[in-house]
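Visitor: The structure under discussion is supplied below as structure tokens; questions concerning it will follow.
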Amino acid sequence: MNNLSLYGWNNNLFQLKQTSQYKNLFHGRVAAVNRTNYEVIAENNRLLCELSGNVLYGSPSFELPCTGDWVIFQPFNDNKGIIVDILPRKHTLYRRKTGTLSDRQAIASYVDKACIVQSLDANFNVRRLERFIVQVVEENIQPILILTKSDLEFNRHQIDESLKHISRQMPIFFISILSPETIFPVRESIKQGETIVFVGSSGVGKSSLINALCERTVFLTSEISKSSGKGRHTSTRREMVLMDSGILIDTPGVREFGLAADNTETLAEIFDVSDLAKYCHFHNCSHVNEPGCKVIEAVNSGLLEREVYSSYLKLQKESLYFSISEHEKRKRDKSFAKISEEAKRIKKK
Ligand code: GDP
């Protein structure tokens, strides 16, 4: 018997379920997404579920269940079921699908906090970090920065300097798997019932950290897998595990994180340029080359670092590009739907 409230089930979700035509069936949370099925944690068991035809063919791929989604299913024989509905998503972490301009890919949903994990060696990269933060904040998810391998040599001053424009946005933890006292504050920051997703490149120590937080081996780390001869653990799927307070979702190591965000205001706030932008001559200033632009003035006077400004412009461009492409795509999908409806109508005549 699973206590679903430990997995985040609450009265709000119960109310949402009442709006579904399948409200009298069972519900559960997607714990892992496999190639052809979904692992769902329900009150009585853990099931392997497939999708009903309506769900599979009635939704674009980014709306198909992802880890963390709450779903309604019809059970059939031993621990198997068919997902017939998905409760409306909240706080979903998306990214742009690799190789596309405007296709979203859902990584995890019903997420309260996102731990962005980088290691304090060559992996540390502020530009990549900014990208993650923009996407996370876009969905009202609280970002947390975890810098791992603090037992290795690194230049603390340099790291602090490079983070100063974003350090107001989130708590930052320097941790080492070799010093349990550095993990303790991370555990303390996770409140009862919260869902935390971990994102970062492979090899930065996400599995080691999740194991430490859960105080048991839930994921193999590369060291363990090497010694057991089973090869390196690289998470290739998103998987949800329970720690004593929160619910943790590991994600496959993602190096590239294409923005699937179209809110340039979020971007301005994260980069700390929104206060400057208020005083620009033009209220819709893009801060690229307009006269009277306070952001450009801040760059010229050294108040705003040039690298930070370039990164801001780059992400702004990417975000606008995503939003235009997505808008075009929606328009195309709408006309296609209209044409199909018309074709069906003519066929019926
Ligand atoms: P993941 O791919 O992000 O899940 O990374 P792993 O947890 O598998 O760790 C990758 C490698 O980094 C392993 O060899 C770990 O032992 C090592 N590692 C993880 N955390 C630390 C740390 O805090 N300090 C050091 N020195 N190595 C670590």
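The values are calculated or read from the model by the stated rules, or taken from the named source; none is laboratory data. Model, not experiment: these values are computed from the prediction. When we count neighbours, we look across all protein chains shown, and the Cβ atoms used for this are built from the backbone with ideal geometry, even at glycine. Just so you know, the surface numbers come from the protein's heavy atoms only, side chains and all, with ligands and any DNA or RNA stripped out. Shrake-Rupley method; radii C 1.70, N 1.55, O 1.52, S 1.80 Å.
Visitor: Looking at the square roots a ≥ b ≥ c of the eigenvalues of the Cα gyration tensor of the range 1-146, which shape do they give, rounded for a/c under 1.5, prolate if a/b is larger than b/c, or oblate?
Guide: Judged from the Cα gyration tensor, the range 1-146 comes out prolate (a/c at least 1.5, a/b above b/c).
Visitor: Under a plain spin-label model, where a point goes 7 Å from the Cα along Cα-to-Cβ, how far apart in nm are ARG187 and SER61?
Guide: For ARG187 paired with SER61, the spin-label model returns 4.0 nm.
Visitor: How far apart, in nm, are two points set 7 Å out from the Cα along the Cα-to-Cβ line at GLN74 and at LEU152?
Guide: In this crude label model, GLN74 to LEU152 measures out at 5.2 nm.
Visitor: Quick one: if the Förster radius is 45 Å, what FRET efficiency do LEU6 and ASP121 give, using the C-beta to C-beta distance and rounding to 0.05?
Guide: About 0.80, to the nearest 0.05.
Visitor: In addition: Summing +1 for each Lys or Arg and -1 for each Asp or Glu, what net charge is found among the other residues whose Cβ lies under 15 Å from the Cβ of VAL84?
Guide: Net charge in that neighbourhood comes out at -1.
Visitor: Using the Cα atoms of the chain to build a convex hull, what is its mean projected area in square nanometres?
Guide: Hull-based average projected area comes out at 22.6 nm².
Visitor: In the range 107-181, what GluC sites (Glu not before Pro) fall in a loop by DSSP, with at most 13 other Cβ atoms inside 10 Å?
Guide: GLU153
Visitor: Now, a different point. With a 1.4 Å probe and all protein chains left in place, how much of the accessible area of the range 82-154 comes from carbon and sulfur atoms, in whole percent?
Guide: On the range 82-154, the fraction of accessible area on carbon and sulfur atoms equals 47 percent.
Visitor: First select every other residue whose beta carbon is under 11 angstrom from the beta carbon of ILE116; then total the charges, Lys and Arg +1, Asp and Glu -1.
Guide: Summing Lys/Arg as +1 and Asp/Glu as -1 gives +3.
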